[in-house]
Amino acid sequence: MPEPTRLLRTLQQAIQAVRDTPGRKGRLVSLQEAGEVMVVGDLHGNVENFRKVLQKAELQKHSRRHLVLQELIHGPHKYAAGGDKSHQLLDLFAALKCQFPRQVHMLLGNHELSQWTGQAIAKVESDLNALFREGVGTAYGPHAPHIYAAYLELFAVIPLALRTPNRIFLCHSLPSAAKMSEFDAARLEWDIHDEDDLRPGGSIHTLVWGRDTREETAAAFLQKVDADLLITGHIPCPQGFEAPNSRQLILDALGNPACYCLFPTDRALTQQDLLNFVGTL
């Protein structure tokens, strides 16, 4: 476990590095100087899969490779004394962002949004927000309130979406057809969002909570964000990935198999190309 005072400094440095990410406008990042992108499915506190991600990414050897992570918190691993261990992935992300500030990115997922705003996640037996906070308390004791506040500050600045030079859009999910007409893509370029954006029905909430993977829904979303293909997480995939329509790839890295997609950004790609670039951790 990192020393709390040192961890707090690392988190603050990472938060500033997120704000300073090249190509950032509001909470949308248009990747720059990217030769290829490795995007990973939801991790939910899986430290072992995170370790495998780092081995596969080899960021030090590939200066033009960008790594995109998502859904780091709210996992099955618990402390014996109580609480969720998934905050450990935020600590690891912060250290990695400080080491590779230009190459490493994290996308806001519905679980980070829930923790940040205090909105309970429905259809679960436990209070995931409370378990997460309890885990931070177990790990960091009297320093926990300051570290927890830094986690919330991180959630308030991490990107909502990334766009690659070859028109591939990366975000945690997409709005349902019923919410698509109300979704305002321009709000992705805002630095600060009001409560209406973050509550159910708001543009940010619908972006990270949608489960509508129909062909026409994906096409309508891609038209709104001016992109050709979409890579998301959010939906569990028994095989580690899924192609629910002709425009979208879903990745899942929580369990086994755990999948990622490592693709080039210097040329136009088809969905079949993306599927060919899917790998297993």
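The values are calculated or read from the model by the stated rules, or taken from the named source; none is laboratory data. Note that the coordinates shown come from a computational prediction; the quantities given were computed from them, not determined experimentally. Cβ: placed from backbone, ideal geometry, glycine included. Neighbour counts: every protein chain shown.
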> Are there any pairs, at least 6 apart or on different chains, whose C-beta atoms fall under 6 Å, with the first in the range 146-169 and more than 18 Å from residue 112 (Cα to Cα) and the second part of a helix (DSSP H, G or I), and if so, which?
Replying inline: 169/225
> Right, residue 88: touching a Phe, Trp or Tyr at 6+ places or on another chain (Cβ under 9 Å) and either surrounded by fewer than 20 Cβ atoms within 10 Å (Cβ to Cβ) or assigned to a loop (DSSP other than H, G, I, E, B) (or both) or not?
Replying inline: no
> Given the structure, is residue 97 under 24 Å from residue 163 (Cβ atoms) and either assigned to a loop (DSSP other than H, G, I, E, B) or within 14 Å of the chain's Cα centre (by Cα) (or both)?
Replying inline: yes
>> Scan the range 116-124 and tell me whether some residue there is under 17 Å from residue 27 (Cβ atoms), assigned to a helix (DSSP H, G or I), under 19 Å from the mean Cα position of the chain (by Cα) and not aromatic (Phe, Trp, Tyr).
In response: yes
> Only one of these conditions is not met by residue 269: (1) under 20 Å from the mean Cα position of the chain (by Cα); (2) of a type in the set (A, V, I, L, M, F, W, C); (3) assigned to a loop (DSSP other than H, G, I, E, B). Which number is it?
Replying inline: (1)
>> From the list 262, 222, 198, exactly one residue is surrounded by fewer than 23 Cβ atoms within 10 Å (Cβ to Cβ), among the aliphatic types (A, V, I, L, M), in contact with a Leu (Cβ under 8 Å, 6 or more places away or on another chain) and modelled with pLDDT of 95 or more. Which is it?
In response: 222
>> Checking the structure you have, find out if any residue of the range 58-67 is under 16 Å from the mean Cα position of the chain (by Cα) and modelled with pLDDT of 95 or more.
In response: yes
> Among the listed residues 215, 182, which satisfies the condition of being touching a helix residue (DSSP H, G or I) at 6+ places or on another chain (Cβ under 8 Å) and farther than 25 Å from residue 43 by Cβ?
Replying inline: 182
>> I need a count of the residues in the range 1-33 that are closer than 21 Å to residue 265 by Cα and within 18 Å of the chain's Cα centre (by Cα).
In response: 10
> When the range 146-191 is examined, which residues are found to be part of a loop (DSSP other than H, G, I, E, B), surrounded by fewer than 17 Cβ atoms within 10 Å (Cβ to Cβ) and in contact with a Lys or Arg (Cβ under 9 Å, 6 or more places away or on another chain)?
Replying inline: 184, 191
> If you go through the range 31-47 one residue at a time, do you hit one that is in contact with a Phe, Trp or Tyr (Cβ under 9 Å, 6 or more places away or on another chain) and either surrounded by fewer than 20 Cβ atoms within 10 Å (Cβ to Cβ) or acidic (Asp, Glu) (or both)?
Replying inline: yes
